[in-house]
Amino acid sequence: GAGQLVVLRFVICGAGVGVLWAAGRAAIAPHNLRLLALRGILGGAAVVLYFIALRLCGNAGTAALLNCTSPIFTSLFAWWFLHERPSGRLAIGIALGSAGVLLVLWTGHSIRFGWGETAGLASAVLSASAVTTVRAARAYDNAATILLSFSIAGALIATPVAAVDWHGASAAIWTLTLLMGVSSLFAQLMMTHAFGLVTAGQGALYQQLTPLFTFGLGLVLLGEHVTVSAVVGALLALSALTYSAWPRRGAIGV
């Protein structure tokens, strides 16, 4: 179940941070408790909705792409709350990226937007809020502390969902779940560290390779059907958003 996977994911991430702390490789020193709690709550809810979208959407790539529209909302939230003014390149990228998303959802007759797509878009909005909070929290707390708060709050939020959606699983599935949790731990640590070095909008946009890999892996490993319009839309969205995030000539250290 979606909640089951999310709980296990966060438990593994939290345990990983604990191991790094015990080994002296990470410091846990919370300072801004309000931002840490907010990051955990928003991020936890976003992950739960994303996993629901993975189950309900037509394929994993669509769910990933919808979730990765979060830069649209991240840029807006960073503008409103962090006073990071978006550039013209960013506006162009967002407009073309949105057009690409619509192509991915195009069925040949209409735009497909069911419960899975709704969950994916909602996860993007909450993820954008969480990313903006990470950017603000990095002024007070390190990556390990932020990830630990994210793991604790996320596990608490996902537990009720897991309780009503629990499924038995084979040893192979538990092994895949363990691999998912470990990879998530390292991905989250690197992402959280990166947000101390770039703006919120840039950091979110650099994550746009995720749907491309997800479409490809879904096709190869899961045998998922990918339409021509989905491929064109995904490439358009990723190209547009990557272009808008690419540093201008002479911009060093972004």
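Brief remarks on what is shown
- Globularity ratio of region 32-166, using Cα Rg and 2.2 N^0.38 Å: 1.13
- Rounded to the nearest 20, the size of the Cβ-charge dipole of the chain about its Cα centre is 540 debye, with Lys and Arg at +1 and Asp and Glu at -1.
- Rolling a 1.4 Å probe over the protein heavy atoms of the chain, with every protein chain left in place, gives an accessible area that is 72 percent carbon and sulfur.
- Dividing the alpha-carbon radius of gyration of region 144-205 by the rule-of-thumb value 2.2 N^0.38 Å gives 1.41.
- Against the rule of thumb 2.2 N^0.38 Å, how large the Cα Rg of the chain comes out: 1.00
- Near TRP106, the amide H atoms lying under 5 Å from its own belong to ARG112; only residues 5 or more places off or on other chains count, and H is placed 1.01 Å from N.
- For the chain, the membrane-span-like helices by this rule, meaning whole DSSP H stretches whose C-alpha atoms cover at least 15 Å of axis and whose Kyte-Doolittle mean is 1.6 or above, are 2-22, 33-56, 88-105, 143-163, 209-221, 228-245; this says nothing about an actual membrane.
- Accessible surface computed residue by residue for the chain, with neighbouring protein chains in place and a 1.4 Å probe, gives 50 Å² per residue.
- Diffusion constant of region 1-100 at 20 °C, which comes from Stokes-Einstein with the Kirkwood Cα-pair radius and 1.002 mPa s, µm²/s: 131
- The Cα-based radius of gyration of region 6-55, divided by its Kirkwood radius, gives an Rg/Rh of 1.06.
The values are calculated or read from the model by the stated rules, or taken from the named source; none is laboratory data. No experiment lies behind these values; they were computed from the predicted model shown. A quick note on method: Cβ atoms are made from the backbone with ideal geometry, for glycine too, and the neighbour counts reach across all protein chains shown. Only protein heavy atoms, including side chains, enter the accessible area calculation; ligands, DNA and RNA are left aside. Shrake-Rupley method; radii C 1.70, N 1.55, O 1.52, S 1.80 Å.
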